Amino acid sequence: GAGVSQSPRYKVAKRGQDVALRCDPISGHVSLFWYQQALGQGPEFLTYFQNEAQLDKSGLPSDRFFAERPEGSVSTLKIQRTQQEDSAVYLCASSPGTALHEQYFGPGTRLTVT
Amino acid sequence: KQEVTQIPAALSVPEGENLVLNCSFTDSAIYNLQWFRQDPGKGLTSLLLIQSSQREQTSGRLNASLDKSSGRSTLYIAASQPGDSATYLCAVRIITQGGSEKLVFGKGTKLTVNP
């Protein structure tokens, strides 16, 4: 079946612009995660959804970052007034439900802020 | 705070060698541990998942072990091939006090297998 998909794959934004990154999880997966991966680093947790409920947003770097999953499937990560330090790969992952299951990752969106 | 360390940061070996990648974590209260592979410019491909109650998992030429009490995991790759060249990431699954869950990643080991 289809895996996790993300769009766009690449995004170039001028500093100060708003961007929206989309994640389509595997159908039926309850849990959805966003991670941020800076160059040469491991991914870092941003936020976690269980169905439509955002249970944890402790990893969001600032109030310019906002994520939603209104119908419990597709999720959008929005970054307002982008800054150069926001340049990174944004990875989305989904999981069937409990923490016993592995997380399946999408290809990521590479954001470059100029 | 959970921290994950991977050693070495980079490794270059000739084709055919057996090799071991190391991962350590500071807090043994983990749910499971997952090894991933990441090719340049790509997302993460899950290789092996070890539950906290398990000691090891095997898939083809890969074998991962887990010693939760000492906070260590190893990924063993047998008879390495050039196609194994990638960055290997180790991640532990934790449950937070608030009932959330997340993966905490190491920085990865960049493996190059030379023909």
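Among the residues in region A:96-112, are any among the β-branched types (V, I, T) and crowded, with 16+ Cβ neighbours inside 10 Å? Even if it seems obvious, please write down each step before you answer.
Of all residues in region A:96-112, those among the β-branched types (V, I, T) come to A:98, A:109, A:112.
Filter once more, keeping what is crowded, with 16+ Cβ neighbours inside 10 Å: A:109.
Scanning region A:96-112 turns up at least one residue that is among the β-branched types (V, I, T) and crowded, with 16+ Cβ neighbours inside 10 Å.
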(request) Quick one: in region A:36-59, of everything that is hydrophobic (A, V, I, L, M, F, W, C) and surrounded by 19 or more Cβ atoms within 10 Å (Cβ to Cβ), which residue is nearest to the chain's Cα centre (by Cα)? (result) A:L46
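Given the criterion in contact with a Gly (Cβ under 6 Å, 6 or more places away or on another chain), among the charged types (D, E, K, R) and either at pLDDT 95 or above or buried (at least 17 other Cβ atoms within 10 Å of the Cβ) (or both), identify the matching residue among A:R69, A:R81. Please lay out each step first, then the result.
On the way: A:R69 fails: in contact with a Gly (Cβ under 6 Å, 6 or more places away or on another chain).
The conditions single out A:R81.
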(request) Answer yes if at least one residue in region B:5-12 is away from every other protein chain (no Cβ under 11 Å), surrounded by fewer than 13 Cβ atoms within 10 Å (Cβ to Cβ), at pLDDT below 95 and assigned to a loop (DSSP other than H, G, I, E, B), and no otherwise. (result) yes
(request) Just give me the residues in region A:13-25 being touching a Lys or Arg at 6+ places or on another chain (Cβ under 9 Å) and assigned to a strand (DSSP E or B), in sequence order. (result) A:V19, A:A20, A:L21, A:C23
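Can you find even one residue in region A:47-55 that is farther than 27 Å from B:P8 by Cα and assigned to a loop (DSSP other than H, G, I, E, B)?
Applying the first criterion (farther than 27 Å from B:P8 by Cα) to region A:47-55 yields A:47-55.
Those still in the list that are assigned to a loop (DSSP other than H, G, I, E, B) too: A:51-52.
Yes.
Quick check on region B:103-111. Is at least one of its residues out of contact with any helix residue (DSSP H, G or I) (no Cβ under 6 Å at 6 or more places or on another chain), crowded, with 20+ Cβ neighbours inside 10 Å and more than 14 Å from chain A (Cβ to nearest Cβ)? Spell out the reasoning first.
We begin by selecting, within region B:103-111, every residue out of contact with any helix residue (DSSP H, G or I) (no Cβ under 6 Å at 6 or more places or on another chain); these are B:103-111.
Add one more test, that the residue is crowded, with 20+ Cβ neighbours inside 10 Å, and what stays is B:103-106, B:108-109, B:111.
Next, from what is left, pick out any that are more than 14 Å from chain A (Cβ to nearest Cβ): B:111.
Among the residues of region B:103-111, at least one is out of contact with any helix residue (DSSP H, G or I) (no Cβ under 6 Å at 6 or more places or on another chain), crowded, with 20+ Cβ neighbours inside 10 Å and more than 14 Å from chain A (Cβ to nearest Cβ), which makes the answer yes.
Going by what's in this entry, would A:G42 be described as within 15 Å of B:R93 (Cβ to Cβ) and not in a strand (DSSP E or B)?
Working: within 15 Å of B:R93 (Cβ to Cβ): yes; not in a strand (DSSP E or B): yes.
Considered against the rule, which asks whether it is within 15 Å of B:R93 (Cβ to Cβ) and not in a strand (DSSP E or B), A:G42 comes out as yes.
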(message) Out of everything in region B:37-69 that is free of Cβ contacts under 8 Å to residues at least 24 places away in the same chain, surrounded by 13 or more Cβ atoms within 10 Å (Cβ to Cβ) and assigned to a loop (DSSP other than H, G, I, E, B), what residue ends up being nearest to the other protein chains (Cβ to nearest Cβ)?
(response) B:G43
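Tell me which residues, restricted to region A:64-114, are part of a loop (DSSP other than H, G, I, E, B), within 13 Å of chain B (Cβ to nearest Cβ) and among the hydroxyl-bearing types (S, T, Y). Quick ask: steps written out before the conclusion?
Initially, region A:64-114 is screened for residues part of a loop (DSSP other than H, G, I, E, B), giving A:64, A:69-74, A:80-83, A:87, A:96-103, A:106-108, A:114.
Going one step further and asking which of them are within 13 Å of chain B (Cβ to nearest Cβ), we end up with A:96-103, A:106-108.
Residue satisfying the conditions is A:T98 alone.
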(request) Filter region B:70-93 down to residues that are surrounded by fewer than 21 Cβ atoms within 10 Å (Cβ to Cβ) and within 26 Å of A:F33 (Cα to Cα) and give me whichever is nearest to the other protein chains (Cβ to nearest Cβ). (result) B:A86
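Among the residues of region A:33-46, is any farther than 25 Å from B:Y88 by Cα and among the hydrophobic types (A, V, I, L, M, F, W, C)? Steps first, answer last, please.
To start, the set of residues in region A:33-46 that are farther than 25 Å from B:Y88 by Cα comprises none.
Within region A:33-46 (the criterion being farther than 25 Å from B:Y88 by Cα and among the hydrophobic types (A, V, I, L, M, F, W, C)), the answer is no, since none of the residues qualifies.
The values are calculated or read from the model by the stated rules, or taken from the named source; none is laboratory data. Here the structure is a predicted model, which is why all the values come from computation and not from measurement. For neighbour counting, all protein chains shown are included, and Cβ atoms are generated from backbone atoms with ideal geometry for every residue, glycine included.
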